[in-house]
Structure formats: structure tokens, C-alpha cells
Amino acid sequence: MMMLALAVSCNTGSKSDVQKKADEYALVKIATPDLSGITDNGKEVLNLYKFAADQADSIYWQQSFGDRSVIESLNDEDLKEFARINYGPWNRVDGEPFIEGYGHQPAGANFYPADMTSAEFEALQNPAKNSPYTLIRRNSEGGLEAVWFHDAYKRNIDKICNYLTAAADITIKESVRDYLLSKVEALRTDYYYDSDCAWLDMTDSKMDLIIGPNEINDDHLYGMKRSYEAYVLLKDLKRTEVVNNFSNMLEDFQKALPCEDQYKNFVPGKDSDIYTYDAIYCSGHANAGIKLMALNLPYDPKVQAEKGTRTALLHNVIVEKFNRLVSPVGMVVFEADDQATLDAETFYWNVVFREIAHSLGVKQTINGKGPVYEAMGNKNLTWEDAKANVVGLYLFCKMIDEHKIPGLVSKSSAINTFVANLIRSQRFGEESLLGRAYVMVFNYLNEQGAFTRGASGKYSINQEKLLEATAELAGIILKTQATGDYEFASEFEKKYCSLSDNFKADLTNIRLENIPVDIKFEFQK
């Protein structure tokens with residue numbers, strides 16, 4: 001069970017204003033979970049997972065900012081608190097500094113030298129420079145070199161591996177032991193194929209650990225370097241049983257995508273599954289700034305083709321985000337009739353299909369440009385998240401029409417909840433790769449007449465036009481990804497990735513209602 005303390009929003013600047021910025025993140029206290037049914041060995045494994053997660057957190061501080069002690073030495077507690085939320089002195093919503101002495105947030109975080117030029121990077125004759133698991137550093141002569149994560153963070157990684165090995169020694173689950181030992185090898189070599197496969201094979205454990213370099217959100221420069229994070233999770237067996245039925249439908253979903261066949265020729269692996277969890281501990285990228293509600297891993301296109309993916313839904317986070325963020329925004333921007341359709345369970349299913357959508361489309365370009373994520377570069381994350389949102393809604397509504405969603409979930413509820421979340425998520429900002437996805441989708445749907453903002457500041461939604469426009473945008477995105485058309489993506493973003501006057505007006509009303517930007521966690525150890 002979660003309890004929240006809500007706060008207000010304001011501008012950056014003085015100490016009190018920075019505290020108000022920190023309070024824009026609603027506090028979520030994650031209490032000690034119900035561990036009935038978990039053996040004493042299992043409880044000790046969970047503790048070891050948390051110890052490992054703390055080391056991943058230390059690595060992420062180095063990737064995001066550098067020496068955390070610089071932040072911890074601040075005398076101003078307000079600045080220190082906001083820096084802890086953002087893992088550095090920059091507001092993750094707009095990239096601007098809130099601590100004196102720092103400029104705009106580096107596009108490449110701490111993965112590259114701050115003074116590195118694109119010409120220098122292109123001239124570096126080391127293929128390891130393009131690995132998601134290397135840092136680019138200056139050598140003793142001032143030139144560039146690639147340094148593997150397992151060398152750069154050896155001290156922390158050794159500690160993680162010790163904790164995971166200890167957990168492997170005491171677990172009673174063979175699949176868990178295999179996963180943990182393969183993850184140890186992966187962290188020490190930065191070769192993750194075997195551990196990804198072992199994770200997908202681990203299907204009989206109520207506990208789960210996602211740890212290592214996963215997300216690329218922080219690399220705005222080239223969109224390739226992965227950030228360390230950790231999630232310690234407990235599986236919700238009842239919800240998992242229901243939602244996992246859709247994992248057998250991935251090929252059907254792929255065929256149903258609203259685009260030409262050549263843009264959906266990828267065949268998802270047959271070992272894909274969908275699990276619902278409660279998050280009980282998060283660290284590193286998972287705990288920084290805007291919190292994720294779900295993950296679809298692994299990202300390796302080879303693993304996705306041969307084995308599949310696992311969709312991990314964080315049910316307790318989804319519920320709290322709906323209650324504290326999505327529903328309040330809907331109350332501000334919708335008329336009473338549409339407000340009544342907003343529903344936490346519908347939001348959960350919206351997230352389910354959004355994450356399923358990450359498994360679809362293509363993973364390799366169809367014209368020889370290599371993996372989609374490489375061809376799309378620093379546009380990849382924005383377009384992938386935009387795809388997931390519009391394809392997710394498209395599939396969700398299709399399943400509602402076919403009466404395949406359990407419970408009383410209506411299409412109007414699905415659409416209105418989607419739009420409320422779309423509006424609130426633009427608060428992540430056009431400077432954020434994730435925020436740009438929501439801005440792009442909102443502006444495109446608005447241009448197509450999917451919704452209209454009246455003089456009262458309330459929206460009326462044309463559901464038929466919205467679904468048509470959603471399918472059209474899905475087709476555009478799927479084609480752009482399949483062809484790796486970076487130039488088109490750049491031009492499209494120039495047109496659609498600026499915050500609209502409508503949203504700026506919405507934002508004023510949202511702030512007047514003191515609705516948080518996002519949530520922050522407080523964990524009970």
C-alpha cells in the first residue's frame with residue numbers, strides 16, 4: 001500500500017522556489033511489502049537485491065553527473081533535495097541548472113567529454129565507441145578513447161556481482177540461480193545476450209530483479225549509451241495470470257498494425273511474456289526524475305527475435321500516477337461527462353498495450369541501415385515512445401471492440417484516459433526525449449481535429465477522428481523506423497515537437513490546481 005504527500009508548483013530561483021520545485025514531485029512512501037509466502041531464503045535474496053541496487057545507484061550518479069559528494073556537501077538542504085531527485089544540478093524537465101556555477105545540462109550526460117566535438121568522435125578509429133556499454137574519455141595525450149563500463153565502474157560492479165553471487169548461493173530456484181550467475185558474467189564483460197535469455201527463462205519466481213545498463217534516455221547526443229538502474233519487484237500473481245494471456249497474441253498484433261506489410265515484417269519471439277509487479281525498491285535511472293510505470297526488455301533485437309521480450313508492469317506505480325497525476329489533470333481539462341470516464345483500471349490497460357506495442361514494428365531497418373535504434377540515433381527514444389503510445393491505444397481499442405478485455409472497460413474511457421495522460425505528460429517538456437514523444441503525438445492529433453479546446457479551457461474529443469489520426473500517425477512512425485529515415489524524423493519533430501499555445505494554457509490551469517509533475521519515492525528498508 002502506498003501513501004502520498006502532495007505539494008505545489010512554482011518557478012526555479014531562490015531557495016524557497018527550489019523547494020517548491022522539489023515539492024512538484026509527490027512523495028510516494030513505499031512501505032515494507034507483504035512477504036507472506038516468501039521463505040526466509042527468499043527474504044534474504046531480496047535484501048541482497050537491494051544492496052546490489054544501491055551499487056547500481058552509485059554508478060548512475062557517475063554516469064549522470066559525476067562525484068555525488070559534491071551534491072551531498074551542499075549546505076542548502078533545498079538544493080540538495082532537488083539535486084537528489086534529478087541526480088545532478090539540472091532540472092530534468094528543461095535541462096536548466098538550478099545550482100549556481102553550472103551551465104545547461106550536457107547533451108551526452110557524463111558519457112562523453114564535455115568539450116568533445118562531433119569531428120573528434122567521428123575520427124576515433126575504435127568500433128567500441130559505438131557500443132552502448134562504453135564511455136568516451138580523453139587519454140593522457142588528450143585524444144579520445146573508449147572505456148568499457150566494466151572497467152570504468154569495476155569497484156561498484158565487483159560489489160554488485162558479490163551480492164548477486166551470494167543470492168545465487170541461497171536461492172532455492174534453479175532458474176533464479178542461472179539468471180543471477182549469468183548476470184554476474186554479463187556485468188563483468190558487458191556482453192548481455194546470455195543473461196537476457198536467462199532472464200526470459202526465469203518464469204517461476206515471485207521475485208524479480210532488473211539490474212544493469214538499460215535505458216538510453218540520458219544520451220541526447222547520440223542516443224546510444226545506456227544508463228545503470230535497478231528494480232526490485234514482487235510479482236502480482238493474479239494480475240499476471242490475466243494479462244499474460246495477451247503475450248500469445250503478439251503475432252496477431254503485429255499483423256494488425258496499421259501500415260504496409262514491409263514495415264511490420266519482424267516476427268516477435270515466442271517466449272515473450274507479460275508480468276504485473278509491485279515495485280518495492282528502485283535505484284539509478286529508475287529513481288531519477290520522471291518515473292517509469294512499465295518496462296519492455298530486453299532491447300537487444302537478436303534476443304527479441306529469438307526469444308521475445310518481457311513486459312514488466314509496475315502496478316503500484318501505475319495506480320499512484322493515475323490517482324495523483326492523470327485523474328487530476330483530466331478533472332482540469334475535461335467537462336463533467338468526460339471526467340466520469342476516467343478510470344484507474346482503464347489506465348492500467350492503457351499502459352499494458354503501450355508496453356506490448358514496444359515489441360512490435362521492426363527492429364532492423366528494411367534498407368540496410370542496421371538496427372532501428374542505430375539508424376534513428378538520438379531520435380530513437382522519442383519515436384519509439386510515440387509509437388508505443390499510439391499503437392498501444394489502437395490495439396487497446398481493437399481488443400475492446402472484440403470483447404477481449406476483462407471487466408467493464410469502454411472505448412470512450414480508454415480514449416479519454418489516454419488523452420488526459422497525453423496532456424499531463426507534456427509537462428516532461430520538449431527538451432526531454434520522452435516529453436517530445438508526447439508533445440509530438442498531441443500536436444499531430446490536434447492538427448487532425450481529434451480534439452478541440454473550448455474557450456472554457458475544456459476539451460471536447462472527437463473519438464472517431466482521434467482513432468483515425470492515431471492509426472495514421474502509427475503508420476508514419478512505423479514506416480520511419482523501418483526505413484531508418486533520420487532526416488524525415490528531424491523535419492517531423494521540427495513541425496510537431498514544440499509546446500502548443502493550448503498546452504501552455506492548460507499548464508497554467510494545472511499549476512493553479514497544484515497538480516504534481518511526477519512522483520518521488522521513499523523506500524522502507
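The values are calculated or read from the model by the stated rules, or taken from the named source; none is laboratory data. Remember, it's a predicted structure, so these values are computed and weren't measured experimentally. Don't worry about glycine lacking a Cβ; one is built from the backbone with ideal geometry, like all the others, and counts go over all protein chains shown.
Hey, could you check the stretch 172-217 for residues that are assigned to a helix (DSSP H, G or I) and among the hydroxyl-bearing types (Ser, Thr, Tyr) and say which is surrounded by the most Cβ atoms within 10 Å (Cβ to Cβ)?
Applying the filter and picking the extreme gives Tyr179.
Condition first: part of a helix (DSSP H, G or I) and either under 25 Å from Tyr277 (Cα atoms) or without any contact (Cβ under 8 Å) to a residue 12 or more places away in the chain (or both). Can you find one or more residues in the stretch 360-380 that meet it?
Within the stretch 360-380 (the criterion being part of a helix (DSSP H, G or I) and either under 25 Å from Tyr277 (Cα atoms) or without any contact (Cβ under 8 Å) to a residue 12 or more places away in the chain (or both)), the answer is no, since none of the residues qualifies.
Conditions (1) touching a residue at least 12 places away in the same chain (Cβ under 8 Å); (2) out of contact with any helix residue (DSSP H, G or I) (no Cβ under 7 Å at 6 or more places or on another chain); (3) not assigned by TED's automatic domain parsing to the domain that holds Ile356, marked per residue:
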{"position": "Ala256", "(1), (2), (3)": "yes, no, no"}
{"position": "Asp261", "(1), (2), (3)": "no, yes, no"}
{"position": "Lys264", "(1), (2), (3)": "yes, no, no"}
{"position": "Leu297", "(1), (2), (3)": "yes, yes, no"}
{"position": "Gly308", "(1), (2), (3)": "yes, no, no"}
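Pull up the stretch 16-45, narrow it to residues that are surrounded by fewer than 15 Cβ atoms within 10 Å (Cβ to Cβ) and among the polar types (S, T, N, Q), then point me to the one that is nearest to Ala168 (Cα to Cα).
Asn41
Tally the residues that are surrounded by 12 or more Cβ atoms within 10 Å (Cβ to Cβ), out of contact with any Ser or Thr (no Cβ under 7 Å at 6 or more places or on another chain) and within 15 Å of Tyr348 (Cα to Cα), restricting the search to the stretch 232-250.
Result for the stretch 232-250: 3.
Identify all residues within the stretch 98-111 that are crowded, with 17+ Cβ neighbours inside 10 Å and either farther than 21 Å from Arg137 by Cβ or not polar (S, T, N, Q) (or both); write none if there are none.
Phe98, Ile99, Pro106, Gly108, Ala109, Phe111
Hey, any hits in the stretch 396-404 for a residue that's more than 30 Å from Gly95 (Cα to Cα) and either outside the structural domain of Glu491 (by TED's automatic domain parsing) or surrounded by 24 or more Cβ atoms within 10 Å (Cβ to Cβ) (or both)?
yes
Which pairs turn up if I take residues in the stretch 14-34 that are outside the structural domain of Pro328 (by TED's automatic domain parsing) and closer than 13 Å to Ala83 by Cα and look for partners that are at pLDDT 90 or above and among the aliphatic types (A, V, I, L, M) with beta carbon separation below 8 Å, at least 6 apart in sequence or on another chain?
Hits for this filter: Lys15/Leu79; Val18/Leu79; Ala22/Ile85; Tyr25/Ile85; Tyr25/Val517; Tyr25/Ile519.
May I ask you to list the residues in the stretch 132-143 that are more than 30 Å from the chain's Cα centre (by Cα) and either among the aromatic types (Phe, Trp, Tyr) or closer than 12 Å to Phe111 by Cα (or both)?
Arg138
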